[in-house]
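Visitor: Below is one structure. I have some questions about it.
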Amino acid sequence: MKNRREFLKTGSLLGTSALLGLGTCLPELIPGTALGRDGKPAPSQRITMGVIGCGSHAGWNINLMLRNKEQQIIALCDVDQEHLARKKSMVDQYYGKENGREYSVDTIHDFRELLRQKDIDAVDIVTQDQWHVLMAVTAMKAGKDVICEKPTLTIEQGQILVETQKKTGRVFLTASQNRTVDTNQFLINVVRNGLIGKLKHVKVLLPYREKSREKRSFLPCPIPKTLDFDMWSGPSEILPYIPAISHVSWRHNLVYSGGVLPDWGAHYVNLATWAIDSDTTPALRYWGSPTSPSPFMRWHYPGADEPWNTTNGFDYNAEFANGVTVRIFSDKTPGIKFEGEDGWILAKGPSLYQSVLTASDPKILTWRPGPKDIDVGRELRHCMVSRTNPDGLPGVQGGEHVHFTHCIKTGQKPYYTAEMGACTDIIAHAGQISMMEFDGGLVEWDHNKRCFIGENAQKANASIFMRRQQRQPWTFEQVDSWLG
């Protein structure tokens, strides 16, 4: 069985002229796909990828990478042996079938080992939130381009991420399909071209997630033999191993994540900043709504010792420097509504790909930008995902990984940079601070000073959403020593 180094070596060290000299043996040794026929680059011309984190969401990303002609997965990393084995089988079967011969992707336990490998061009980080920035910083310092899941765990970590990206110059894409979807591009074009008049207010509806406690154990249990729980916990404090806050449902605990708000906010709040044309400058003022029309919109943070201690519901406001206000609240169905002086437009549906568009004037929905109009999708045609074309997302005619490799090869600026991601996360984290620390009281952000100011500044700047300690040895100070 060929491992990934031998597999790639076949296509890279044996040039086309040398291969032609093999005569009638050529088809048996090198399938057409490996030589770049049928429109697919040879393996030696693809971006070689390492995947860090092989849990449930990794399946989505791996599927996109396997179908993207510009990427080749050559290494997988996870601290759970079962997760690693399942994703290895997925990758090996796909490439084996594609190339007509056995393939064996490398499997690695420690992400630092993967990042030290010179033949890996880029990495996809698909872990819990507490690992995102530390791994991304290490990867960029190791010379890798990065596509990383969102959000950042704290505002301070977002700032470290931005600084590292600027210093290293590596391509960094915040992992979201939000800007590739044609519906979202249409929304932004309507707002930016003034079809609803001057923008005054935005409503961001994020999903209310009632957490089902059925079939989940909330009692400490023995750690599975297949899981390195110490390394899984990483820079976070070590909690007892409780299945209800381990794989998949770790997002319900504030040690590992901020819950639904920063997770879904990374998609929908980012659409608001895109429309406001404030991608890298967050709102200045945040406060909770004093009354909510529905009980599930009211925030509630259980005690820190509760396994599930994030809030199910939320309802707060953010005000930008130009006077535009944004209300971010939980609803049964996610969506976003832009309200201007002359009308409104709403996209609402169970996901980014299933939004139904409505508007104050139906004519708005038939409008299309002309050559002289603002068209935010003009430079994103290569990665367009159509909500109406069934061959869009399933066939990977576009999407985040297509865009990621496009940026690496062409130098185009990513549509969702580290700085944009950090800005969006500030809006989510600041809202959490207002609700959790001050029960909806006002908090003010100074983006030049990169800190909270005003009456509630001291407590806001000490919040876990602003900064927190990292558990040794998983700290930013150790990164350089890992790389040698």
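The values are calculated or read from the model by the stated rules, or taken from the named source; none is laboratory data. Since this is a predicted model, take the numbers as computed values, not measurements. For neighbour counting, all protein chains shown are included, and Cβ atoms are generated from backbone atoms with ideal geometry for every residue, glycine included. Just the protein is used for accessible areas: all its heavy atoms, side chains included, with ligands, DNA and RNA removed. Shrake-Rupley method; radii C 1.70, N 1.55, O 1.52, S 1.80 Å.
Per-residue answers, yes or no, for (1) among the basic types (Lys, Arg); (2) part of a loop (DSSP other than H, G, I, E, B); (3) more than 23 Å from the chain's Cα centre (by Cα):
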| residue | (1), (2), (3) |
| --- | --- |
| Ile160 | no, no, no |
| Gln165 | no, no, no |
| Leu173 | no, no, no |
| Leu187 | no, no, no |
| His201 | no, no, yes |
| Leu205 | no, no, no |
| Ser217 | no, yes, yes |
| Pro222 | no, yes, yes |
| Tyr241 | no, yes, yes |
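Visitor: How do the pairs read when you match residues in the stretch 185-196 that are of a type in the set (D, E, K, R) with residues anywhere that are surrounded by fewer than 22 Cβ atoms within 10 Å (Cβ to Cβ) and assigned to a loop (DSSP other than H, G, I, E, B), using Cβ under 8 Å and keeping only pairs 6 or more apart or on different chains?
Guide: Arg192/Asp277; Arg192/Ile374; Arg192/Val376
Visitor: I would also like to ask the following. List the residue pairs whose Cβ atoms are under 6 Å apart, where the first residue sits in the stretch 359-380 and is closer than 20 Å to Thr180 by Cα, the second is surrounded by 15 or more Cβ atoms within 10 Å (Cβ to Cβ) and of a type in the set (Lys, Arg), and the two are 6 or more positions apart or on different chains.
Guide: Ile374/Arg192
Visitor: Next question, about the same structure. What's the number of the condition Thr311 fails, among (1) within 30 Å of Pro220 (Cα to Cα); (2) more than 22 Å from the chain's Cα centre (by Cα); (3) crowded, with 18+ Cβ neighbours inside 10 Å?
Guide: Evaluating Thr311 over (1) within 30 Å of Pro220 (Cα to Cα); (2) more than 22 Å from the chain's Cα centre (by Cα); (3) crowded, with 18+ Cβ neighbours inside 10 Å leaves (2) as the failure.
Visitor: For the stretch 277-303, what are the residues that are outside any loop (DSSP other than H, G, I, E, B) and open to solvent by 20 Å² or more (accessible area, probe 1.4 Å)?
Guide: Arg285, Trp287, Pro295, Phe296
Visitor: Could you figure out which of (1) modelled with pLDDT of 90 or more; (2) small (Gly, Ala, Ser); (3) open to solvent by 20 Å² or more (accessible area, probe 1.4 Å); (4) within 28 Å of Val255 (Cα to Cα) isn't true of Ser330?
Guide: (3)
Visitor: Identify all residues within the stretch 243-262 that are of a type in the set (Val, Ile, Thr) and not in a helix (DSSP H, G or I); write none if there are none.
Guide: First, the residues of the stretch 243-262 that are of a type in the set (Val, Ile, Thr): 245, 248, 255, 260.
Correct list: Val248, Val255.
Visitor: Does Gln478 meet the test of being farther than 30 Å from Gly288 by Cα, outside any loop (DSSP other than H, G, I, E, B) and open to solvent by 10 Å² or more (accessible area, probe 1.4 Å)?
Guide: Here the answer is yes, as Gln478 does meet what is asked.
Visitor: Test Ala321 against the stated conditions and say whether it is within 17 Å of Glu444 (Cβ to Cβ) and either surrounded by fewer than 19 Cβ atoms within 10 Å (Cβ to Cβ) or free of Cβ contacts under 8 Å to residues at least 24 places away in the same chain (or both).
Guide: yes
Visitor: Take the stretch 85-107 and flag every residue that is open to solvent by 60 Å² or more (accessible area, probe 1.4 Å) and either on the phi > 0 side of the Ramachandran plot or in contact (Cβ under 8 Å) with a residue 60 or more places away in the chain (or both).
Guide: Within the stretch 85-107, Gly100, Glu102 qualify.
Visitor: Taking the stretch 404-448 as the search range and keeping residues that are hydroxyl-bearing (Ser, Thr, Tyr), out of contact with any helix residue (DSSP H, G or I) (no Cβ under 8 Å at 6 or more places or on another chain) and open to solvent by less than 30 Å² (accessible area, probe 1.4 Å), which one is farthest from Gln185 (Cα to Cα)?
Guide: By that ranking, first place goes to Ser434.
Visitor: Among Asp228, Asp263, which is more than 21 Å from Gln177 (Cα to Cα) and either under 16 Å from the mean Cα position of the chain (by Cα) or among the charged types (D, E, K, R) (or both)?
Guide: After ruling out the rest, the residue left standing is Asp228.
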